[in-house]
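S.K.: So that we are looking at the same thing, I have put the structure below in structure tokens.
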Amino acid sequence: MKFGTKAIHAGVQPDPTTGAIMTPIYQTSTYVQSSPGVHKGYEYSRTQNPTRDALQKNFAALENAQHGLVYGSGLAATDAVMKLLKPGDEVIASNDLYGGTYRIFTKIYQNFGLKFRFVSFDDASTLETHITPATRLIWVETPTNPLLNIIDIAAVAQIARRQRVQVAVDNTFASPYLQNPLDLGADLVMHSVTKYLGGHSDVVMGALATNDATLAQRLAFIQNASGAVAGPQDCFLVLRGIKTLHIRMQRHCENGRAVAHFLANHPKVSKVYWPGLEDHRNHQIARQQMRDFGGMVSFTLKGDDMEEARRLMESFQVFSLGESLGGVESLCTHPATMTHASIPKEEREKAGLKDTLIRLSVGIEDIEDLLDDLKQAIG
Ligand code: P1T
């Protein structure tokens, strides 16, 4: 089945009792048993829930995975992955990643004895120099948040496999429509479902997918034992959102392309970060591993003046200033004070993230209105 057909049909069946075409919201905590231990496959909704099951199957199909699991947030999904590890284990992570991911690694799991090395993945061949006998996991985001760097998943997975290290890819910025990390050799793929998968800025949720049955079993155990599950109402909303993922992504990419080119040609803009631009530092890798280049665009203004950047962000009429991304409506974020404030300034700057960087999540509105808004805001 092709992507759009899977988005609409995978994992969902008409309701067996009524024929309802939409999976019902099974808003129940428990299930009646006819005799102790005799039930219809459902005991308690932390462990299994039919609405969640449908979403997990649907999501797994989009990532070409055998197993999918959904969580109360993207960070809850990341938290579940960290619980696979033990004190003394080492994780190599990309040095440009969502601030909350950096925070859970350094402020929570470092206290439990995990060690994190944040490195540049610009040249995958140097990765080997960071791997030690204690390295268990490589964690990468690609495209990265907020600098839109592209990491060569196949090259990283090849090195990791030689060293018997597992690879997890945060695929939030790409969405499964643009990129399937498991097909490129990753062991695990993670999403903030809050973003493109949900698509309507009305749900906070996370997800993991894998083709490794042992990993899936361990993660399902952690999902039930730790309990950060997604609720049935939210699962319903995401199932509904995913039905249009392919159509939304096509428009996100089209509008992202127009915004990136508009900014790249604007005399007041100094730098544009969008992997579809031919002069983007990782453009060739992006062409190889992504089907298109997405709707996330970051940029800086000439002069690097914070007051000017602030004035611009306050002037938008169609773009809304706020955290998050991937919804149908266009958003503008200031990473240094919002999404990446939990990363110390020196670390941010080392990774190339300036305080004046502005990040856009280009929505699916009419492009003329988005470009007019950018024109008037930049001035
Ligand atoms: O917000 P939550 O659903 O818990 O997902 C965390 C997360 C994980 N990975 C990436 C790449 C992310 O972008 C996020 C959340 N990011 C934002 C809220 C943001 O505006 O960047």
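S.K.: Looking only at segment 299-323, count how many residues are within 11 Å of the ligand (Cβ to nearest atom) and closer than 18 Å to Leu370 by Cα.
M.R.: Taking segment 299-323 as the starting set, the residues that turn out to be within 11 Å of the ligand (Cβ to nearest atom) are 322-323.
With the extra rule that they be closer than 18 Å to Leu370 by Cα, the set shrinks to 322.
Of the residues in segment 299-323, 1 are within 11 Å of the ligand (Cβ to nearest atom) and closer than 18 Å to Leu370 by Cα.
S.K.: Return the total of residues in segment 269-328 being closer than 26 Å to Ile247 by Cβ and in a helix (DSSP H, G or I).
M.R.: Final tally of qualifying residues: 5.
S.K.: Search segment 329-351 for residues being part of a loop (DSSP other than H, G, I, E, B) and within 16 Å of Ala93 (Cβ to Cβ), and hand back the single one that is farthest from the ligand (Cβ to nearest atom).
M.R.: Ranking the qualifying residues of segment 329-351, first place goes to Pro344.
S.K.: Any residue in segment 126-139 that is hydroxyl-bearing (Ser, Thr, Tyr), under 23 Å from Met296 (Cα atoms) and more than 16 Å from the ligand (Cβ to nearest atom)? Steps first, please.
M.R.: Quick first cut of segment 126-139, residues hydroxyl-bearing (Ser, Thr, Tyr) only: 126, 129, 132, 135.
Those left that are additionally under 23 Å from Met296 (Cα atoms): none.
No, segment 126-139 has no match at all.
S.K.: When you check Pro87 against the structure, is it free of Cβ contacts under 8 Å to residues at least 12 places away in the same chain, in the same structural domain as Leu219 (by TED's automatic domain parsing) and part of a loop (DSSP other than H, G, I, E, B), yes or no?
M.R.: No: the conditions fail for Pro87.
S.K.: So Lys268 ticks every box in (1) outside the structural domain of His9 (by TED's automatic domain parsing); (2) open to solvent by less than 60 Å² (accessible area, probe 1.4 Å) but one. Which box is left unticked?
M.R.: Tallying (1) outside the structural domain of His9 (by TED's automatic domain parsing); (2) open to solvent by less than 60 Å² (accessible area, probe 1.4 Å), Lys268 fails exactly one: (2).
S.K.: Can you find a residue in segment 33-55 that is under 19 Å from Phe221 (Cβ atoms), open to solvent by 20 Å² or more (accessible area, probe 1.4 Å), assigned to a strand (DSSP E or B) and out of contact with any Lys or Arg (no Cβ under 7 Å at 6 or more places or on another chain)?
M.R.: The answer is yes; a qualifying residue exists.
S.K.: Is it the case, given these coordinates, that Asn111 is outside the structural domain of Glu349 (by TED's automatic domain parsing) and closer than 18 Å to Pro143 by Cβ?
M.R.: On the way: outside the structural domain of Glu349 (by TED's automatic domain parsing): yes; closer than 18 Å to Pro143 by Cβ: no.
No; evaluated as a whole, the condition is false for this residue.
S.K.: For segment 92-107, which positions are over 19 Å from the mean Cα position of the chain (by Cα) and either open to solvent by less than 20 Å² (accessible area, probe 1.4 Å) or without any contact (Cβ under 8 Å) to a residue 12 or more places away in the chain (or both)?
M.R.: Thr106
S.K.: Looking only at segment 214-227, decide whether some residue is out of contact with any helix residue (DSSP H, G or I) (no Cβ under 7 Å at 6 or more places or on another chain) and in a loop (DSSP other than H, G, I, E, B).
M.R.: Looking through segment 214-227, at least one residue is out of contact with any helix residue (DSSP H, G or I) (no Cβ under 7 Å at 6 or more places or on another chain) and in a loop (DSSP other than H, G, I, E, B).
S.K.: Of these, Arg281, Arg291, Arg359, Arg310, which one is surrounded by 14 or more Cβ atoms within 10 Å (Cβ to Cβ), touching a Pro at 6+ places or on another chain (Cβ under 8 Å) and of a type in the set (Lys, Arg)? Steps first, please.
M.R.: Details: Arg281 fails: touching a Pro at 6+ places or on another chain (Cβ under 8 Å); Arg291 fails: touching a Pro at 6+ places or on another chain (Cβ under 8 Å); Arg310 fails: touching a Pro at 6+ places or on another chain (Cβ under 8 Å).
Just one listed residue meets the conditions, Arg359.
S.K.: Would segment 56-67 turn up any residue that is touching a residue at least 40 places away in the same chain (Cβ under 8 Å), within 16 Å of the ligand (Cβ to nearest atom) and open to solvent by less than 20 Å² (accessible area, probe 1.4 Å)?
M.R.: yes
S.K.: Going residue by residue through segment 12-27, is there one that turns out to be open to solvent by less than 50 Å² (accessible area, probe 1.4 Å) and in contact with an Asp or Glu (Cβ under 6 Å, 6 or more places away or on another chain)?
M.R.: Yes, segment 12-27 contains at least one residue that is open to solvent by less than 50 Å² (accessible area, probe 1.4 Å) and in contact with an Asp or Glu (Cβ under 6 Å, 6 or more places away or on another chain).
The values are calculated or read from the model by the stated rules, or taken from the named source; none is laboratory data. The structure displayed is predicted, hence computed values, not measured ones. Cβ coordinates were reconstructed from backbone atoms using ideal geometry, including for glycine residues, and neighbour counts include every protein chain displayed. Calculation scope for accessible area: heavy atoms of the full protein, side chains included, ligands and nucleic acids excluded. Shrake-Rupley method; radii C 1.70, N 1.55, O 1.52, S 1.80 Å.
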